[in-house]
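Written below as structure tokens is the structure these notes are about.
The values are calculated or read from the model by the stated rules, or taken from the named source; none is laboratory data. From a predicted model like this one, the values you see are computed outputs, not experimental measurements. Here the Cβ is made from the backbone with ideal geometry for all residues, glycine too, and neighbour counts use every protein chain on show.
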Amino acid sequence: MASHNGSSPRRGGSHFSTGARPSGRASSSRPAAPRARAGATGTVGAARVSSRTADATRRAAAHRGASQRARAAAPRRRVPLVAVAVVGTLALAALVAFVLVPALFPAGESGGDRPAVEEGTEVTITIPSGSGAAAVAQILYDNGLISDQSAFLSEVRRTEAESLIKSGSYRITAGTDDTAIIELLTAGPNASTATLTVPEGYTVAQTAQAVQDSLGISADDFTSQAKASNYAGDYAFLFSAANDSLEGFLFPKTYDFSGEQDVDADTVIRAMLDQYQAEVGALDLDGAAAALSERYGIEVDGYDVLTMASIVEREAVTDEQRPQVASVFYNRLAAGMRLQSDATLTYSLGRAATADEINTLDDPYNTNLRDGLTPTPVCSPSLASIRAAMEPADTNYYYFYITSDTAQFSETYDEHMRAYS
């Protein structure tokens, strides 16, 4: 069958086989400071003086020398103090410039690259669920809506708004002051782009990522909430869901949440389940299952029909092909053959399965090695695929080869291999 990977199905050729199992610190030196010279001795002129006069003269000279030395020494004592002060100031400045500022504002956040947005331009941003004020300031800065993250955060603290900021999408006009931006963020999302598009064939994991990208709700939060047990009491059709999984029930459609406040994972999931109920509720899956059981001599229920529809969704390219693809799979079930759809193992792995994995990996979703249908649906199928699974074409086909350019259905393996080659 086709292998699928990425956000949308990737079509390729089928890989049926005939059997149940198909075919790897520095020292420095500086000169010593010159020693202060002692007072010079000698005679004053050539005249002789009395000993008393001489003693007085020596005492006066000694006094003048001491005073001079004191005056000379004073500046030398002050210079080191001034130098220390200067060096200390420079060191403190360096600490602030190279350590504290980068710690508070990493590269690109303060004076770094910032988009030039003309004042008056309307910018749409999305605040992810659980974002703190610092993360919000970064988003606003990166989008050119604020020029000083520190000033914005100070205003958030002054207005005690940190816990009031709501996640979601916002339209903000460049040039709006910080206070007005904060008021917007605490009032709630105002962007008409608060829409979610879930394409046909998306899995719960892919839907969770789309929800995060479009609505700012954490993909992890969405996945944690997306459990059948959380909703079975309100939606009877979930009673048959296996593995507590909502796979197959998150109806593919474009949803608009722009008029709602505080949109969270539960809000989104309920909207999707409501849509499933409206779209599929009118279809009698259980009645179709009973008719299929009789027609093919197999035992299937409504949940099995939904599961079959999900596999058809991942294998067919056009709506016209879907009933024929469904017939191939039902014919194989009736003949005791394995489905051998690569798409089912790809779902379990979250990526394209390798040939070795397809042939050897023991996985509940490896329909190359396991009999019957998969434990749960493998995506959210379109209505066209659901209808095809309810009413497959009447054929004798057991094989198909489908690409984006061609589709070949075959009754025998030899015919299939000729088409495949």
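Points worth noting:
- Among the residues here, Ser214 does not qualify as at pLDDT 95 or above and among the small types (Gly, Ala, Ser).
- Verdict on Asp234 being exposed (fewer than 14 other Cβ atoms within 10 Å of the Cβ), out of contact with any strand residue (DSSP E or B) (no Cβ under 6 Å at 6 or more places or on another chain), in a loop (DSSP other than H, G, I, E, B) and at pLDDT 95 or above: yes
- Verdict on Arg338 being in contact with an Asp or Glu (Cβ under 8 Å, 6 or more places away or on another chain), more than 26 Å from Gln277 (Cα to Cα) and assigned to a loop (DSSP other than H, G, I, E, B): yes
- Test: residue in the stretch 316-326 that is touching a Lys or Arg at 6+ places or on another chain (Cβ under 6 Å), farther than 28 Å from Ile217 by Cα and not assigned by TED's automatic domain parsing to the domain that holds Leu246: yes
- When the criteria are applied in full, Arg338 meets the requirement of being of a type in the set (Lys, Arg) and surrounded by fewer than 23 Cβ atoms within 10 Å (Cβ to Cβ).
- Residues of the stretch 126-158 that turn out to be within 25 Å of Asp220 (Cβ to Cβ) and either outside the structural domain of Ala174 (by TED's automatic domain parsing) or part of a helix (DSSP H, G or I) (or both), as a count: 9
- Selected residue (only one of Val204, Val136, Val156, Val198 is under 18 Å from Glu260 (Cβ atoms) and of a type in the set (A, V, I, L, M)): Val198
- Qualifying residue in the stretch 104-111 (condition: modelled with pLDDT under 75 and part of a helix (DSSP H, G or I)): yes
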